[in-house]
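To keep things clear, I will list the structure first and then write my remarks on it.
Coordinate-derived values only; no laboratory data. Keep in mind the model is a prediction, meaning the values are calculated, not measured. Reconstructed Cβ throughout: ideal geometry from the backbone, glycine too, with neighbour counts over all protein chains shown.
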Amino acid sequence: MRVFWALDTKLRERRHFPAINWLTSYSLYNKQLSQWYSDEVAADFPALREWAMLTLQKESELQEIVQLVGSDALPDEQKATLEVSKMIREIFLQQNAYHPVDTYSPMSRQYVMLKLIRKYADLSAKAVRAGVPLDKFVSIPARQRFIRAKLETNIDAELKAVGEDMDAQFKALGV
């Protein structure tokens, strides 16, 4: 067997569909599929996938620290990592099986969503370096709009608008 999907009861209890643990699951087909993703989706999709996995692994490490000493002990850079990983989980990985738009998502749309999450992560890192308080960029309206966008029937246009809003709102914060 070259693929293992680790079903996770904690994810199931949180109503995270599909309840597959992304840290303990694996596929030995990644190298074979990388070229297909590059050709059929986007040249940088394999790199984005790798970045998302690394971010989720960092989140797992940070959650251990948070459980011991609390999130207030983390610097803003690490808190921003937790927020970005939350976006990866809730926007990119989690699906609503009963929603007509969210049930099936073409790879091209998944790419745009992951690209926007990466954009948010990069802008967040710039904001932290510029001294912008965490709560300012975590609460931008574009982020909330992005969370809701995956359920909209005109999702592709909505995602484009989210990207534009994100640029404008981070620019307003001085980033």
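Could you list all residues from segment 126-137 that are assigned to a helix (DSSP H, G or I) and surrounded by fewer than 16 Cβ atoms within 10 Å (Cβ to Cβ)? LYS126, ARG129, ASP135, LYS136, listed by residue number. Here LYS160 meets each of (1) closer than 21 Å to GLN78 by Cα; (2) part of a helix (DSSP H, G or I) with one exception, condition (1). Across segment 14-55, the qualifying residues are those that are touching a strand residue (DSSP E or B) at 6+ places or on another chain (Cβ under 8 Å) and among the small types (Gly, Ala, Ser), and the one among them that is nearest to PHE92 (Cα to Cα) is ALA19. All of (1) within 15 Å of the chain's Cα centre (by Cα); (2) over 19 Å from ILE91 (Cα atoms) hold for LEU7 with one exception: (1). The criterion of at least 3 residues that are surrounded by 17 or more Cβ atoms within 10 Å (Cβ to Cβ) is met, among helices (runs of 4 or more DSSP H) falling completely within segment 1-106, by 45-69, 76-87.
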